[in-house]
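The values are calculated or read from the model by the stated rules, or taken from the named source; none is laboratory data. Remember, predicted model here, so these are calculated numbers, not experimental data. Cβ coordinates were reconstructed from backbone atoms using ideal geometry, including for glycine residues, and neighbour counts include every protein chain displayed.
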Amino acid sequence: EGGSEEDTIHFFSPSTHTDLDERLAIEAQLRRALERKEFRVEYQPKVSIRDGRIVGFEALLRWSNPVLGEVSPVRFIPIAERTGLIIAIGAWVLEETCRQMGSWAAATGAPVKVAVNLSPRQFHQKDLLPSIRDCIARWGVAAGSLELEITETALVSREQEVDVLMRGIRALGVELSIDDFGTGYSSLAYLKRFPVQRLKVDRAFIRDLGQDDDSAAIVHSVISLARNLKLLVVAEGVETEEQLSMLREMQCDEFQGYLFSRPIAADRVLEMLEANKSL
Ligand code: C2E
Ligand code: CA
Ligand code: CA
Ligand code: CA
């Protein structure tokens, strides 16, 4: 789960038959996964570092295939992206998440905040804005309870277009965050220019907190930068008390990670919120 694959840069990646076979098998199965209803969404809590309360969830796609078994998104999302299947799959994730959000809000009487990942290709797709607008309207989701996570790589090219898109999303009332912050090539200049509310510091930096002074320095400066720009900072992949206490000292706002909870099934979200309330 969330293996080290995504954190590793393979400079020399020999395309063995096995690699290729696996990719082709994934692609073939992926083409029919939607119609066969093989996807589901899990939700990982996002927690306030100050008081330990759940402030929202991140929607994470899961795929269980009869031939391949449980396939990690780290493996199939890049293939979905390359083949264009991500457009239909991404639309399904948004629809399914909004449906769940609608039912949670109806059950609790208050909106539950959820962040959905948008892949670069999906972000640049033509009818993104109307499809988001229709989806939240269809399920009666409060726009401000939906957040979209976009990686830096989606932002580096076509700056003008990105700017217009982001302002369109904000005009709907939906929030924006930059995912995997620190792993892209982008300059910090765009942070000032784009209307985002949150930065998510990549797990790679959090993992090395406490072991590596450079990572601590990077996380520290990202947090102070964000503070100056009035952005919230979320640390991803927090696994130890030591990492959490360092983040607290650095005045990081929110965290996600196995230390608090792994992603959970949709039908456990309300009970987790209920348990958290009585803190
Ligand atoms: P991400 O958006 O950076 O999501 C965070 C990943 O870190 C998730 O992996 C999550 O399960 C994992 N994680 C959370 N806490 C911890 C921790 O304490 N330790 C460790 N080792 N891992 C932790 P997951 O669910 O396997 O997803 C991997 C990536 O796949 C995501 O990275 C995201 O880029 C992509 N992905 C997942 N769902 C979607 C989706 O619906 N749409 C798109 N476009 N991409 C998605
Ligand atoms: Ca994410
Ligand atoms: Ca991330
Ligand atoms: Ca990541």
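For this structure, a couple of remarks:
- Tally, over region 24-38, of residues that are in contact (Cβ under 8 Å) with a residue 24 or more places away in the chain and either surrounded by fewer than 17 Cβ atoms within 10 Å (Cβ to Cβ) or of a type in the set (Asp, Glu) (or both): 5
- Residues of region 137-189 classified as within 16 Å of ligand 1 (Cβ to nearest atom) and either more than 26 Å from residue 56 (Cα to Cα) or of a type in the set (Gly, Ala, Ser) (or both), total: 4
- Selection count where residues are surrounded by 14 or more Cβ atoms within 10 Å (Cβ to Cβ) and part of a helix (DSSP H, G or I), scope region 247-256: 1
- Selection of region 68-118 for residues being of a type outside the set (A, V, I, L, M), part of a strand (DSSP E or B) and touching a strand residue (DSSP E or B) at 6+ places or on another chain (Cβ under 7 Å) yields 70, 117.
- Test set (1) in contact with a strand residue (DSSP E or B) (Cβ under 9 Å, 6 or more places away or on another chain); (2) more than 21 Å from residue 162 (Cβ to Cβ); (3) exposed (fewer than 14 other Cβ atoms within 10 Å of the Cβ) - residue 261 fails condition number: (3)
- Unique match (being surrounded by 14 or more Cβ atoms within 10 Å (Cβ to Cβ), within 16 Å of ligand 4 (Cβ to nearest atom) and either of a type in the set (Lys, Arg) or within 28 Å of residue 189 (Cβ to Cβ) (or both)) among 233, 238: 233
- Test: residue 179 is farther than 27 Å from residue 132 by Cβ, of a type in the set (Asp, Glu) and within 16 Å of ligand 4 (Cβ to nearest atom): no
- Residue tally, condition touching a Lys or Arg at 6+ places or on another chain (Cβ under 9 Å) and either surrounded by fewer than 19 Cβ atoms within 10 Å (Cβ to Cβ) or charged (D, E, K, R) (or both), over region 39-54: 6
- Odd one out for residue 94 among (1) of a type in the set (A, V, I, L, M, F, W, C); (2) within 23 Å of residue 134 (Cβ to Cβ); (3) in contact (Cβ under 8 Å) with a residue 60 or more places away in the chain: (3)
Conditions tested, residue by residue: (1) among the aromatic types (Phe, Trp, Tyr); (2) at pLDDT 95 or above; (3) within 16 Å of ligand 2 (Cβ to nearest atom); (4) in a loop (DSSP other than H, G, I, E, B).
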{"site": "210", "(1), (2), (3), (4)": "no, no, no, yes"}
{"site": "214", "(1), (2), (3), (4)": "no, no, no, no"}
{"site": "219", "(1), (2), (3), (4)": "no, no, no, no"}
{"site": "238", "(1), (2), (3), (4)": "no, yes, yes, yes"}
{"site": "258", "(1), (2), (3), (4)": "yes, yes, yes, yes"}
{"site": "270", "(1), (2), (3), (4)": "no, yes, no, no"}
{"site": "279", "(1), (2), (3), (4)": "no, no, no, yes"}
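- Among the residues of region 113-144, those that are within 16 Å of the chain's Cα centre (by Cα) and either of a type in the set (A, V, I, L, M) or loosely packed, with under 14 Cβ neighbours inside 10 Å (or both) comprise 114, 115, 116, 118.
- Flag if residue 234 is more than 19 Å from residue 113 (Cα to Cα) and either more than 15 Å from ligand 1 (Cβ to nearest atom) or among the aliphatic types (A, V, I, L, M) (or both): no
- Taken over region 237-263, the residue count meeting the criterion of being closer than 22 Å to residue 115 by Cα, more than 15 Å from the chain's Cα centre (by Cα) and of a type in the set (Gly, Ala, Ser) is 1.
- Neighbours by Cβ (under 7 Å, 6+ apart or cross-chain): first from region 211-230, farther than 9 Å from residue 250 by Cβ; second part of a helix (DSSP H, G or I): 215/205; 218/205; 229/191; 229/192
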